[in-house]
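Scroll down for the structure; my scribbles are underneath it.
What follows is calculated from the coordinates using simple rules that are stated; it is not laboratory data. These figures come from a predicted structure and were not determined experimentally. All Cβ positions, even for glycine, are placed from backbone atoms using ideal geometry, and neighbour counts span all protein chains on display.
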Amino acid sequence: MKRKEPLYTGSVYHVLNKSIAGYKIFTSDKDYIRMTQMLRFFSVRNREIPRFARFLELVESQKKSFEEIFLSETKDNSKNVQIIAYCLMPTHFHLVLKQIKDNGISTFVGDLSNSYTRYFNTKYNRKGGLWEDRFKNIIIDSDEQLLHLTRYIHLNPVTSGLVNGADKWKYSSYPEYLKDKKIKYPLCDFKEFFSINPSNYSKFVSDRKSYQKELAIIKKLVAE
C-alpha cells in the first residue's frame, strides 16, 4: 500500500517509529548494536552482497569488524538513503534521512523494521508484529530546521530521563557530531548540510537541555 504523501527523492525527512504499546524493543547492548549494523547495511542498495543474516556469517568467519567488511564490500554501490542523524531509544527510534533513490526511505525502513522484528522474535521467543504502525515522516524545510532537529533527537534520552547528558547515551549519532576519535567508522554523513564545530555543537545541545525537559513535562500533562 502506498503512503498518502509521497516521499521525494533529494528531500530530507525526520523518520520515526514506535513499538507496539510501548514495548521495550532494545533490552541490551547487543540489541542496539544489531540495529546500528542494520542501519548501515540497509542504507545501501546492493544486490550483490548476501542477505543480512548471511552477511553476519561472513563477518563471523573473518577476523575483521562488521563495519570494515561491509565498507570493503560496498565501496562503489549507491545508497537508498543518506543517514544524517539517528537516536535509538528503548521503545522507538528517530532517524534523519535524505532520500537518495526513489522509494529509498520506504524500502530502507521496511527492510530495517522487518529484519529487526525477525531478530527480536527469534532471540526472545516471541511472535507477531513489533511496530505500532507505519513509520511517521516529517519533511525538513531548511538547514537551520535540520540543525535544530539533530539537537532534539540527540537530547531525546535526556528528555526521557534515561541519562543526564546527551554524551552519556551510546546509541545515537551525537558522538559523531562531537567527532569522537573512538568512532572509527561513522554511520552518518552531514557535511553537505553544515560544518560542525564540536565545542560549539556541544554547547548548542546542552543549552537546550532544561528547556526541552520542561516541554516534555508540559506535553505529558496536556496529553493526560
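Overview of results
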read-out	value
Dipole of the chain [Lys/Arg +1, Asp/Glu -1 at C-beta], most positive-end residue of SER113, TYR174, GLN82	SER113
Value in Å of the Kirkwood radius, where the chain supplies the Cα pairs that are averaged	18.5 Å
Ratio of the Cα radius of gyration of region 139-213 to 2.2 N^0.38 Å, where N counts its residues	1.07
In order through region 184-201: 3J(HN,Hα) via Karplus (6.51 cos²θ - 1.76 cosθ + 1.60), integer Hz, x for Gly, Pro	6, 10, x, 8, 9, 9, 10, 4, 6, 9, 7, 9, 8, 8, x, 5, 5, 5
ASN164-TYR23 FRET efficiency (beta carbon distance; Förster radius 22 Å; 0.05 resolution)	0.30
Per-residue [θ]222 nm for the chain (sum of -39500 (n - 2.57) over DSSP H runs n ≥ 4, rounded to 500)	-12500 deg cm²/dmol
For region 5-90: Kirkwood Rh in Å [reciprocal of mean 1/r, alpha carbons]	15.0 Å
Using θ = phi - 60° and Karplus 6.51 cos²θ - 1.76 cosθ + 1.60, couplings along region 163-178 (whole Hz; Gly, Pro as x)	9, 8, x, 4, 6, 8, 9, 7, 10, 8, 7, 3, x, 5, 5, 8
Cross-link pairs LYS18/LYS79; LYS63/LYS101; LYS123/LYS209 - those with Cα-Cα distance over 27 Å	LYS63/LYS101; LYS123/LYS209
Total charge dipole magnitude, the chain, about the Cα centre, Cβ charges on Lys, Arg, Asp, Glu only, Debye to nearest 20	540 debye
Cβ-derived FRET efficiency at R0 35 Å, GLN145 paired with THR122, nearest 0.05	0.35
Region 81-209: equivalent-ellipsoid semi-axes (sqrt of 5 x gyration tensor eigenvalues, Cα, Å)	26, 19, 14
Student exercise, region 28-106 dipole from Lys, Arg, Asp, Glu Cβ charges, in Debye to nearest 20	160 debye
